[in-house]
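Values in this text are rule-based calculations from the coordinates and carry no lab data. Every value quoted in this text rests on a predicted model; they were computed, and no experiment measured them. So basically every Cβ, Gly included, is an ideal-geometry build from the backbone, and we count neighbours across all protein chains shown.
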Amino acid sequence: MKLTLDSLATHLRPGKLAPAYLLSGDEDLLVGEAADAIRAAARAAGHVERDVHFPERSADWADVVAASGSLSLFGDRRILEIRFSGKAGKEGGAALVRLIESAGDDTLLLIITPRLDPAVQATAWVKAVEARGVWLPVWEVGPRQLETWLAARCKQAGLELTGDALTLLAARVEGNLLAAQQEVEKLKLLVSAGRVDVQAVQGAVAQSARYDVFALGEAVVTGDAVRAARVVAGLRGEGVEPTLVLWSLVRELRNMWSLKRGDDPSRRPGPRMPPQQLAALERARPRAARLPFARLASRALRADRMIKGRLAGDPWDEMLLLCTEFCGTRIA
């Protein structure tokens, strides 16, 4: 069975615990909160011991299976928690299937992994979790969902942010939910009244945003020049290699070119795109017909030559100009 974060609380009502749980995702805050909720419900059901394993090699899985078969010193129910990369291999997959099948009244199995790729999702041990337990994939909170997520967290904290304050808060914590939650808690302590305006956010919230090159690709595809400039500045400040940034921009340039030709991006060769990226590209199809591809390709070439030292200039400045024109603003 699959669950979402929204349905987890209802599922964890007394008497409804499954024998096995799989939490997968890259949002550490949300995965951690979900794991805490499952552990709390398990403790309330009598699982007072917690046995944690971090298998990395094939031999480690035999130790996990052996530990699962040993009796508790005091005969208590327990939580058997396994944290690993998600790629179990042949030995690990077989061990996990065995652990899932043996989980029950005395042992609750909790498996925590990063986001699982499609190949891992099709493995026997994941199917075993779905058949006998619960799989909760925790998705990243993207920029389109961040303000809604922050508004809900602020409401839980008794805070009501104005629209401008919410936008500023989202810009300062984008890509860093742990910092976002900390800033909400800080606002709760610093702001006496429940209503929070832009000035309060400016005075209390630090710049904690973290960006990656995929965030930049999304910004230029959607035509958000302000966000693209912010992401470029963030990547530069974090010391990201300009080659990687240019690769992201050129990749999206090729995707948009394929849209202009009428291609279906879901059928392109290579790794399958995430659904969110496919949806963003489809929304950008009208923009693709209007983009000045020759100018954009020329700017990308100039940035590449600057990175390689074959042309004088700052490649970051050139990539910023590339992003600006990619988003629809003509530069002389």
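So which GluC sites (Glu not before Pro) in region 1-56 pass both tests, a DSSP loop state and at most 15 other Cβ atoms within 10 Å of the Cβ?
Filter output for region 1-56: Glu56.
Per DSSP H run of at least 4 residues, take -39500 (n - 2.57); add these up for the chain, divide by its residues and hand me the 222 nm value, nearest 500 deg cm²/dmol.
My calculation for the chain gives -17500 deg cm²/dmol from helical runs alone.
Output needed: percent of Cα pairs per 10 Å distance bin for the chain, bins running from 0 to the one holding the longest distance.
5, 21, 24, 23, 18, 8, 2, 0
Counting every Cα pair in region 143-204, what percent are over 18 Å apart? Each step should come with its number before you reach the end.
Numbers: 344 of 1891 pairs.
Roughly 18 percent, once rounded to a whole number.
How much length is gained on full extension from Ala124 to Trp149, taking 0.36 nm per residue of separation minus their Cα-Cα distance?
5.6 nm
I need the calculated FRET efficiency for the pair Trp247 and Leu178, taking r as the beta carbon distance and R₀ as 41 Å, to the nearest 0.05.
For R0 = 41 Å, the calculated efficiency reads 0.90.
Percent of Cα-Cα pairs more than 16 Å apart in region 53-112, please. The partial results should precede the final answer.
Details: 676 of 1770 pairs.
The share of Cα pairs beyond 16 Å in region 53-112 comes to 38 percent.
What do you get for the angle between helix 293-307 and the principal long axis of the chain? Use alpha-carbon atoms, 0 to 90 degrees, nearest ten.
The helix 293-307 is inclined about 80 degrees to the chain.
Where q = 0.11 Å⁻¹, what log10 of I(q)/I(0) comes from the Debye formula for region 5-138, counting one point per Cα?
Reported log10 I(q)/I(0), two decimals: -0.35.
Largest first and in whole Å, give the semi-axes of region 213-326's equivalent ellipsoid, each being the square root of 5 times a Cα gyration tensor eigenvalue.
Values: eigenvalues 110, 45, 34 Å².
Square roots of five times the eigenvalues give 23, 15, 13 Å.
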